[in-house]
Amino acid sequence: MPSIILTIAWLFVGVRCGIRFFNLINSRSKDWLEILFYLSVTIIALSVIL
């Protein structure tokens, strides 16, 4: 049971950071440190889920 909850939580983290990453990529002013942070969190979340 706890592993299912953790997987769902990592899924939400990955989706949220992925959406934020694409929003930052499409914005006018690019804060590259913020973009790289959200990209790395998305990659980590996907590696834990998969």
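The values are calculated or read from the model by the stated rules, or taken from the named source; none is laboratory data. If you're wondering where the values come from, they're calculated on a predicted model, not measured in any experiment. In this analysis, Cβ positions are derived from the backbone assuming ideal geometry, glycine residues included, and neighbour counts consider all displayed protein chains.
Here the condition is being exposed (fewer than 15 other Cβ atoms within 10 Å of the Cβ), within 8 Å of the chain's Cα centre (by Cα) and among the small types (Gly, Ala, Ser); of 40, 29, it holds for 40 alone. Has the range 12-20 got any residue that is at pLDDT 90 or above, surrounded by 11 or more Cβ atoms within 10 Å (Cβ to Cβ) and either among the basic types (Lys, Arg) or not in a helix (DSSP H, G or I) (or both)? Yes - at least one qualifying residue is present in the range 12-20.
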